[in-house]
């Protein structure tokens, strides 16, 4: 077997078994320990594995977060369905807050309730809401992130102190059994501040976000009231959420707690 074939096979093994050792590589592929070590070095250089004592694991940290246009196109049909369901949770006259998530953008587009007051960090969501009758829009100030079409920073967090809303709609880049995570601290700090000024926190997350852990932890499930998603959850994830009294809603409109 050529090295490239072994490398592909090693990655496939790790996807199913989580960890592989030098000795096991020798046994599976009938190669020397030196050859097994060279294989692991090659995979590490490619960023495909993380070497551990005597073996290797797949990386557990997700690092790739696309720009706004890329995120908007990713899982677009799922986000549209989730957005429509989340919009149905908003009542006439609700004061709401929305972060800059592309899934929350779909909720803003689908909003049919009247006389809402909306606070947002997203310039795209603010633009969409200008086309909604009887909606008052407050956009946070701060530093404009041209990559994600949103504002962030100390000024945005300071402005939140002047508001309190009924409901907060946020997305997430990653969700594991430890909670929500984001690619940087700025995103985390703004979302945490938003949560402090809302009576109810609603998280919108399509199936691709589950199992992803990013650099910075935002919050645990104890800070969430409702999760809107598009597919059934693993039993482990479901148990974790229910233990924190999170209401789970499928984007089809079915409540998984029923």
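Coordinate-derived values only; no laboratory data. Computed from a prediction, not measured in an experiment: that's the story for all the values here. With ideal geometry, Cβ positions are generated from the backbone for all residues, glycine too; neighbour counts draw on all protein chains shown.
At what distance in nm do the modelled label points of residue 164 and residue 127 sit from each other, each positioned 7 Å from its Cα along Cα→Cβ?
Each label point lies 7 Å from its Cα, and together they span 3.4 nm.
Where does each of 135-141, 107-113, 121-127, 145-151 land if you order them by average Cβ count within 10 Å, highest first?
On the way: 135-141: 16.9, 107-113: 20.3, 121-127: 21.9, 145-151: 18.7.
Going from most to least packed, we get 121-127, 107-113, 145-151, 135-141.
Which semi-axes, in whole Å and largest first, does the equivalent ellipsoid of region 99-172 have when worked out from the alpha carbon gyration tensor as the square roots of 5 times its eigenvalues?
Details: eigenvalues 73, 42, 23 Å².
So the equivalent ellipsoid measures 19, 15, 11 Å along its semi-axes.
Can you give me the Cα centroid spacing of region 107-163 and region 174-247 in angstrom?
So the two Cα centres are separated by 21 Å.
Given a Förster distance of 51 angstrom, what is the FRET efficiency for residue 147 paired with residue 32, based on the Cβ-Cβ distance and rounded to 0.05? Show your work: numbers first, answer last.
Numbers: r = 47 Å, r/R0 = 0.92.
Computed FRET efficiency for residue 147 and residue 32: 0.60.
Provide 181, 16 in ascending order of the number of other Cβ atoms located within 10 Å of each residue's Cβ, fewest first. Before the final figure, lay out each step's value.
Details: 181 23, 16 6.
Ranked by crowding around the Cβ, least crowded first: 16, 181.
Using per-residue counts of other Cβ atoms within 10 Å, averaged over each peptide, order 87-94, 40-47 from highest down.
Details: 87-94: 15.8, 40-47: 14.1.
Most protected by this proxy first, the peptides run 87-94, 40-47.
Given region 3-57, report the % of alpha carbon pairs whose separation exceeds 16 Å. Before the final figure, lay out the partial values.
Working: 390 of 1485 pairs.
Beyond 16 Å sits 26 percent of the P(r) for region 3-57.
How many Å³ per residue does the convex hull of the Cα positions in region 153-239 occupy? Before the final figure, lay out each step's value.
Details: hull volume 7.0 nm³, N = 87.
Hull volume over Cα atoms, normalised by residue count, gives 80 Å³.
Working from Cα positions, state the angle (0 to 90°, nearest 10) between the long axis of helix 33-45 and the longest principal axis of the chain.
For 33-45 against the chain, the angle is about 20 degrees.
Starting from the Cα-Cα distance between residue 236 and residue 12, subtract it from 0.36 nm times their residue separation and give me the gain in nm to one decimal. Each step should come with its number before you reach the end.
On the way: separation 224, 0.36 × 224 = 80.64 nm, distance 2.34 nm.
This chain segment gains 78.3 nm when fully extended.
How far apart, in nm, are two points set 7 Å out from the Cα along the Cα-to-Cβ line at residue 112 and at residue 217?
Spacing of the two 7 Å Cα→Cβ label points: 4.0 nm.
Let me see the pair-distance distribution of region 68-250: every alpha carbon pair, 5 Å bin width, integer percents in order.
Spelled out bin by bin, region 68-250 gives 1, 9, 18, 23, 22, 16, 7, 2, 0 percent.
On C-alpha positions alone, give me the angle between the axis of helix 185-195 and the longest principal axis of the chain, in degrees, nearest 10.
Relative to the chain, helix 185-195 is tipped by roughly 40 degrees.
With n ≥ 4 as the cut-off for DSSP H runs, can you work out [θ] at 222 nm for the chain, using -39500 (n - 2.57) per run divided by the number of residues, rounded to the nearest 500? Kindly include the intermediate steps, with their values, before the conclusion.
Details: 10 runs with 97 residues, N = 258.
The per-residue figure over the chain is -11000 deg cm²/dmol.
First measure r as the distance between the Cβ atoms of residue 199 and residue 155, then evaluate 1/(1 + (r/R0)^6) with R0 = 25 Å and state the FRET efficiency to the nearest 0.05.
On the way: r = 24 Å, r/R0 = 0.97.
FRET efficiency, residue 199 to residue 155: 0.55.
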